[in-house]
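Working notes, structure below.
The values are calculated or read from the model by the stated rules, or taken from the named source; none is laboratory data. Since this is a predicted model, take the numbers as computed values, not measurements. Glycine gets a Cβ as well: all are built from the backbone with ideal geometry, and neighbour counts include every protein chain shown. Side chains are part of the model used for accessible areas, which takes the heavy atoms of the whole protein and leaves out ligands, DNA and RNA. Shrake-Rupley method; radii C 1.70, N 1.55, O 1.52, S 1.80 Å.
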Amino acid sequence: MKTIIAAYSQNRSGSRASVQAALHTLLTVPWPSQREFRACIQLLSVLQWVLSFLLMGIVALFLLVYLVFTSFWPVSALYFAWVILDWDAPEQGGRRSAWVRNWPVWKHFRDYFPIQLVKTHSLLPSHNYIIGAHPHGILCVGAFCNFITESTGFSEKFPGIRPFLATLAGNFRLPVFREYLMSGGLCPVTRRAIGYLLSQNGSGNAVAIVIGGAAESLSCQPGVTTLILKNRKGFVRMALQHGAHLVPAFSFGENDLFRQVVFEEGSWMRGIQKRFQKLVGFAPCVFYGRGLTSIHSRGFLPYPKPITTVIGEPVTVPRIQEPSHETVDLYHAMYIRSLLKLFNDHKAKYGLSEADELRIL
């Protein structure tokens with residue numbers, strides 16, 4: 001009996017010593033510094049943004065379809081009925097939410113890169129505007145952060161102006177995702193949606209359009225500044241028809257966020273990309289960024305490179321119901337000159353050299 005008690009006591013002592021040793025080890029492990037903690041939060045904010053745009057719509061669609069075959073089928077039925085009744089909302093101004101635009105997560109998202117918005121000229125609330133956002137990059141990070149969130153202070157810098165960002169109309173066909181997009185101020189890049197904001201939503205609206213679109217993303221690579229703009233004139237025609245002033249905006253650093261495998265013009269892979277773009281609306285780029293655990297690993301997250309979006313001088317545009325081709329060409333040329341001036345005036349301040357040139361194709 002004494003032997004059993006002694007063994008039990010020895011075991012209790014050993015267990016107590018093990019617990020004490022574990023606690024001592026835990027206490028001696030260095031806690032992450034405030035800087036490391038902030039970096040982790042910033043990384044998670046970017047991760048949620050990337051996953052939201054890649055997966056939210058698809059996951060919501062599969063979940064709602066799955067619920068149809070369960071006892072929770074009324075949830076799917078009610079939502080799909082709502083979508084049918086609300087089908088035209090994205091093309092009629094959507095449903096902006098100041099609460100969503102001011103989520104604290106967007107400030108962490110901004111600080112990850114970091115991103116800043118630079119104002120060079122005022123925008124008057126008595127006018128409407130079309131903002132040409134350049135370049136497209138891979139994921140339009142600068143355009144999203146500056147026009148869809150308030151983290152860079154757009155409303156403070158441009159009081160009385162409501163910013164919108166046009167994106168692929170197909171995104172608004174995905175359940176739940178459509179509500180998420182509208183809450184920030186995204187709208188379909190269609191004539192109907194943009195025309196509504198410029199003519200039936202009062203004044204003080206600024207619709208940002210990434211002019212180069214999917215075609216421009218195929219030429220996105222660090223150290224190269226190429227814009228697809230020479231034959232993109234539809235936005236100028238719309239500006240003339242609604243009397244909306246044209247405003248150039250350039251995000252310096254946008255092309256540095258990812259590394260892309262660029263296929264040469266005429267190659268079979270380039271051909272596949274272009275055909276896919278015409279069918280679906282976006283181009284399948286072969287790119288990579290940083291990994292989740294380390295900036296030196298490869299993954300799908302953007303590199304933490306600074307982005308500076310500069311809003312340039314507006315080009316005053318008259319209202320002409322049926323503008324001629326010559327008039328469209330005239331204001332298109334004026335817009336390009338304003339964009340080139342913006343680029344040349346600020347390139348040396350934000351990471352480029354004086355010798356760098358803006359190529360417009």
Segment Met334-Lys119, extension gain: residue separation times 0.36 nm, minus the distance between their alpha carbons | 75.4 nm
Return the loop-located GluC sites (Glu not before Pro) in segment 145-196 (DSSP other than H, G, I, E, B) with at most 11 other Cβ atoms within 10 Å of their own Cβ; answer none if there are none.
-> none
Say R0 is 51 Å: what FRET efficiency, to the nearest 0.05, do Asn344 and Val176 get from their beta-carbon distance?
-> 0.70
Find the percent of Cα-Cα distances in segment 313-361 that exceed 13 Å, and round it to a whole number.
-> 64 percent
Ignoring ligands, DNA and RNA, what percent of the accessible area of segment 106-197 is carbon or sulfur (1.4 Å)?
-> 57 percent
Going down the table (Lys157/Lys305; Lys119/Lys347; Lys119/Lys349; Lys305/Lys349), which pairs top 21 Å between alpha carbons?
-> Lys157/Lys305
Could you give P(r) for segment 28-84, binned at 5 Å from zero, as whole percent values over all Cα-Cα pairs?
-> 4, 15, 14, 13, 11, 10, 9, 8, 7, 6, 2, 1
Give the peptides 254-260, 139-145 in descending order of average Cβ contacts within 10 Å, highest first.
-> 139-145, 254-260
Note down the nm distance, to one decimal, between modelled labels 7 Å out along Cα→Cβ at Ala39 and at Ala77.
-> 5.4 nm
Using 0.36 nm per residue of separation minus the Cα-Cα distance, give me the extension gain between Ser294 and Ser155 in nm, one decimal.
-> 46.5 nm
